[in-house]
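Novice: Got a structure for you, questions after.
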Amino acid sequence: METKLTELLNIKYPIIQAPMFLVSNVEMVKEAMHCGIAGCIPALNYRTLQELRIAAKELKSAKPEGGSFGFNLIVNKSNIRYKSQLEVLCEESCDFIITSLGSPEETINQSHKYGIKVFCDVVDLKYAQKVEALGADAIIAVNCEAGGHRGSLSPEHLIKKLKLHCNIPIISAGGVGCKADIDKMLMYGASGVSVGSPFIASVEASVTEEYKQACVDYGANDIVVTERISGTPCTVINTPYVQKIGTKSSWLEKLLNKNRKLKKWVKMIRFSIGMNATKNAATKATYKTVWVAGPSIEYTHAILPVKDIVKKLIA
């Protein structure tokens, strides 16, 4: 399965184990690398810069020949630790960085000085062309089947549109749960895929057994889009608690969002409340089950080690 992505990252299969807030960890990425795919962790999964540095060092020392690991950076003002996180990752020389929610210009410029590749999340052609002009090494094309914060275009539409107008590799994010899905994305023109939700129900994942089991028990038809986490549409499992609280912003939030001066603060407050609820549901037993996942959990039928999940994706 040689593609531009396997060449870029020196991996056997064109798959990135997607960075997932609260879920991804060092053990998952180690297993991913030893299975011939790349792994990525959100920098925000670490509370301190020292913890981030330790994780990068551990992955670097465990990296097999032909392995690749990276970190995801939120590159807008909401992440007050962005610049210091970038500095740590450059010093520790991870293989790649995935940028989200902001301009990747500084990340690209700094990372390239250390030989680190930068892939950028995009949901449309306009932003894809911007990051390509800034020097991005590849595009993460986030489509409407992605878990968490997703795009609005179908995988086929988005990939083909980017392929026609961009000259850097396209990595499709969303809607991949089996080998047939990977083949489809490559056929549309992608050089690889970013796969997240199937790895939530892995033995190594840093979430509760209840969260993992939910990914087994629920399927694609149980995924709904909610505005109650960050103020931006986000996919979650439609648990009884989600049904109880609803998926739309409150009338007060909608009203305040119309005020240009207050809009930013309302979103920041909603984001803080939503992330805290998500963290509690993922890491401790609670009736407030707000579990983020995408429709590709349809293919999750058991809690398995990462190596077995990878086998299912490439078999």
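Novice: For the pairs 12/212; 12/179; 184/307; 30/184; 160/184, note any where the Cα-Cα span goes beyond 20 Å.
Specialist: On the way: 12/212 27 Å; 12/179 15 Å; 184/307 22 Å; 30/184 27 Å; 160/184 12 Å.
The pairs that break the limit, which is 20 Å between Cα atoms, are 12/212; 184/307; 30/184.
Novice: Next question, about the same structure. Put one equal scatterer on each alpha carbon of segment 125-234, apply the Debye formula with no solvent term, and list log10 I(q)/I(0) at q = 0.13, 0.20, 0.23, 0.24 1/Å to two decimals.
Specialist: Each listed q maps to, in turn, -0.55, -1.09, -1.25, -1.30.
Novice: Which aspartates and glutamates have a Cα lying under 19 Å from the Cα of residue 77, excluding residues fewer than 8 positions away in the same chain?
Specialist: 87, 105, 106, 121
Novice: Excluding residue 299 itself, calculate the net charge of residues whose Cβ lies under 12 Å from the Cβ of residue 299, where each Lys or Arg counts +1 and each Asp or Glu counts -1. Don't skip to the answer; put the middle values down first.
Specialist: Details: positive: 179, 312; negative: 181, 298.
Neighbourhood net charge equals 0.
Novice: Working out 0.36 nm times the residue gap between residue 130 and residue 314, then minus their Cα-Cα distance, what length gain in nm do you get to one decimal?
Specialist: Values: separation 184, 0.36 × 184 = 66.24 nm, distance 3.28 nm.
63.0 nm is the gain from fully extending residue 130 to residue 314.
Values quoted throughout were computed directly from the atomic coordinates according to the rules given, and no laboratory measurement underlies them. Fair warning: this is a prediction, and the values are worked out from it, not measured in the lab. Here Cβ is always computed from backbone atoms with ideal geometry, including for glycine, and neighbour counts include all displayed protein chains.
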